[in-house]
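Rule-based calculations on the coordinates, nothing more; no lab input. All figures in this text were calculated on a predicted structure; none of them were measured in a lab.
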Amino acid sequence: MYTMSSDDFSVHQQDCDEAGSGIPITSLPDEVTSLDDLPCSCWDEVDSFDELD
C-alpha cells in the first residue's frame, strides 16, 4: 500500500513521514511509469518496480 500526499498529490511509501496526512492508495497511479516519477527520498531504497510487488 502507498500514500498519496494531500498537499501535492505526490506518491510515497506507506511509512514515509513526508506524506503527512495523505490518502492511502493500493496501487501506483498510471502516470507513474518509472521510479524517476517518484521524487521523494523514500523511494531511494527501491531499485526496481519488481521490488514493490
Exercise. What percent does the relative contact order of the chain come to when contacts are Cα pairs within less than 8 Å and at least six residues apart?
Worked result: 32 percent
For this session: List every residue whose amide H lies under 5 Å from the amide H of ILE25, counting only residues 5 or more places away in sequence or on a different chain, with H placed 1.01 Å from N in the peptide plane.
Result: TYR2, THR3, MET4
For this session: Specify which labelled value, from (i) 11.1; (ii) 12.0; (iii) 15.5, agrees with Kirkwood radius over Cα pairs in Å derived from the coordinates of the model shown.
Result: (i)
Exercise. Quick one: Karplus J couplings for the range 3-16, per residue in order, coefficients 6.51, -1.76, 1.60, θ = phi - 60°, nearest Hz, x for Gly and Pro?
Worked result: 10, 9, 5, 6, 7, 10, 6, 6, 9, 10, 6, 4, 9, 6
